[in-house]
1. What order do you get for F170, F78, F255, F208 when you list them from fewest to most C-beta neighbours inside 10 Å?
2. If I model a spin label as a point 7 Å beyond the Cα along the Cα-Cβ vector, how far apart are those points for D66 and I132 in nm?
3. For segment 120-221, with the dipole built from +1 on Lys and Arg beta-carbon atoms and -1 on Asp and Glu ones, taken about the Cα centre, which of H153, G197, F165 lies farthest toward the positive end?
4. Under the 0.36 nm per residue contour assumption, what length would be gained going from the current alpha-carbon distance of A147 and V246 to full extension?
5. Using the beta-carbon distance between R15 and E47 and R0 = 45 Å, what value does 1/(1 + (r/R0)^6) give for FRET efficiency, to the nearest 0.05?
6. Rank the residues H153, H234, H225 as a footprinting-exposure proxy: fewest other Cβ atoms within 10 Å of their Cβ go first.
7. Arrange the following residues from fewest to most other Cβ atoms within 10 Å of their Cβ: V177, V246.
8. Using a simple spin-label model with points 7 Å from Cα along the Cα→Cβ vector, what separation in nm is obtained for W139 and M184?
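Read the figures in this text as sums done on the coordinates, not as results from a lab. These numbers were taken from a predicted model, which means no experiment stands behind them. All Cβ positions, glycine included, derive from the backbone under ideal geometry; neighbour counts span all protein chains shown.
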Amino acid sequence: MKRNIYWHELRRKARSVLYWSLGIVALNLLYMSIYPGFASQAAELRELMKNFPPELMEAFGLNQVDFAQVLGFYSMIFLMTQIILAVQAGNYGVGLVSVEESERTADFLLAMPVSRWQILNGKLLAALTALIATEAATWASAFGFIAMFHGNHPYDAGVLALILFSMLPFQLFFLGVGLAISQMVRMVRSVTPYSLGLGLGMYTLGAFGNMAGEAKLEWITPFKHFDAAYIVRHHHYDARLLLLDVIITVVALAFGCWRYLRRDISTVL
């Protein structure tokens, strides 16, 4: 029965995985295809960026990397990729176990000869599989299009791998927090406002922290925990922020699971 739940949930997510993956592949193709033009006009680009407001440069991390370099340019693309990945993972987290309540099918599922823990376990495994599938498409498109368009500009494949490895803990953060949020509200009628609010809200916190010089906001948002520009400059993660991200994720997942196993589930009746 648990296996049936896993495959059922995975089939339900197949189309969304395809759409999210195609969006990221298109993003990588679009921006990497214009990289040669950026690199050939590096001097003019640097002069142009000197005229940008410092607050704008700080908000988008434009003052931390050299866009004439391959990975410096890709760090900008990866930031946009992170926004997509955050909304996807938040969507899966919020809707993980709340979708049956909003669709009024919870009583049917809970009447099956399967425990709540088995239901939750199957759904979590399906969500994790879907996230990894999207990340695999991101890996393939990032390495493929960079190899296609980097020209004579060298780049460190190990640093690129570090950037891409950050996707899994990054998405698990939003999956866990999304699940926790869904268990703190009476009923989730629509997943989208929660996932968009969570993903874009965390991004805004990171940008606002840069503009305001509030380093404490780095402890809140995973956009700062896994900052591609930081990884490009230092060739490693910030160990403190990585540990914090893991702790928040574990606590959020544990709370969401604990709450689901004990709460009263709304049914048709």
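1. Numbers: F170 23, F78 26, F255 16, F208 13.
Starting with the residue having the fewest Cβ neighbours, the order is F208, F255, F170, F78.
2. Result for the modelled spin labels: 3.8 nm.
3. It is G197, whose Cα lies furthest towards the positive end.
4. On the way: separation 99, 0.36 × 99 = 35.64 nm, distance 3.20 nm.
Taking A147 through V246 to full extension adds about 32.4 nm, to one decimal.
5. Numbers: r = 46 Å, r/R0 = 1.02.
With a Förster radius of 45 Å, E is 0.45.
6. Values: H153 17, H234 12, H225 26.
If I rank by nearby Cβ atoms, fewest first, I get H234, H153, H225.
7. On the way: V177 26, V246 14.
In increasing order of surrounding Cβ atoms, one gets V246, V177.
8. 3.3 nm
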